[in-house]
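Structure record follows, encoded as structure tokens.
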Amino acid sequence: MLRSTHLRGTDHLLIELRPQLLWLATGLLALATATVAPMVPPLVAAFAVLLVLTGPGPATAPRLALASSYLPAAFAGQAPTAAWLAAALLMAVATRIPRSAESAEAPLLRHLERARRRGEPASVMVMRVPSPSRRRSRELQRLLRAADSVRSVRGVAADEIHAVMDGEDVEVGAIETRLQADAIAGAGVGWARFPQDGGSLDVLLATARDRARGEHEASAEARDRPAPMFTPSMVKAD
């Protein structure tokens, strides 16, 4: 149990440090290949910027600031030291800007904490809708139950609807039909189970998001295995 809790804490830390790790890896790769393959650094920087702009992350303004911090990597062979220092400072500032949906995250955190205290399972849903209008996102949110904790997060390439629901045996098909997921071109819905798939909201949302993209499927073993017993150490892990 202690080992499982430690792994969940590690997952949470990696998610928090993902922008910094991606920036560091991009810079090191660009510097290592600048002299032997001059075309590699611009391609590596462009790929990293694409990940920043289309992946999960902060609001649009800090997201664009994060993307700008990759400019020195594109010119790794000629970029002066001052440019790298300025990019590092920009990265540090951008990752510290609070997310615009941070206040809307509180109901989801309370819902998950309530399930944790009671020793009950919960389900977390992420629905990705490519480039919807804000009105469309609000309409989809109203289709969920009043007992569910829901928020909408705006992104550059897609909006996301996050929901925390009681129980792990929710009627997934009925909910996705209610949301008309099949009728929205490019939409995807992913699910994660608490506590089987993780103990923190960030980890559960990341798992559900990957499944919404089709990048990770829950195994039959993971779906069917019973929930582990709750201990005080699990509460402290988050």
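The table that follows gives values for the structure above.
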{"read-out": "Residue within the stretch 105-125 that is at pLDDT below 90, charged (D, E, K, R) and within 23 Å of residue 29 (Cβ to Cβ) present", "value": "no"}
{"read-out": "Residues of the stretch 148-187 that turn out to be surrounded by 21 or more Cβ atoms within 10 Å (Cβ to Cβ), of a type in the set (Val, Ile, Thr) and either modelled with pLDDT under 90 or under 18 Å from the mean Cα position of the chain (by Cα) (or both), as a count", "value": "4"}
{"read-out": "Residues that are assigned to a loop (DSSP other than H, G, I, E, B) and in contact (Cβ under 8 Å) with a residue 40 or more places away in the chain, drawn from the stretch 159-179", "value": "167, 168, 170, 179"}
{"read-out": "Given (1) buried (at least 18 other Cβ atoms within 10 Å of the Cβ); (2) under 20 Å from the mean Cα position of the chain (by Cα); (3) free of Cβ contacts under 8 Å to residues at least 40 places away in the same chain, number of the condition residue 144 does not satisfy", "value": "(2)"}
{"read-out": "Considering residues of the stretch 143-153 that are of a type outside the set (Gly, Ala, Ser) and touching a strand residue (DSSP E or B) at 6+ places or on another chain (Cβ under 8 Å) only, the residue farthest from residue 178 (Cα to Cα)", "value": "153"}
{"read-out": "Flag if residue 190 is surrounded by 12 or more Cβ atoms within 10 Å (Cβ to Cβ), touching a Lys or Arg at 6+ places or on another chain (Cβ under 6 Å), assigned to a loop (DSSP other than H, G, I, E, B) and at pLDDT 90 or above", "value": "no"}
{"read-out": "Checklist (1) closer than 28 Å to residue 67 by Cβ; (2) in contact with a helix residue (DSSP H, G or I) (Cβ under 9 Å, 6 or more places away or on another chain); (3) modelled with pLDDT under 85 applied to residue 145, failing item", "value": "(1)"}
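The values are calculated or read from the model by the stated rules, or taken from the named source; none is laboratory data. All figures in this text were calculated on a predicted structure; none of them were measured in a lab. Note that we place each Cβ from the backbone using ideal geometry, even for glycine, and neighbour counts take in every protein chain shown.
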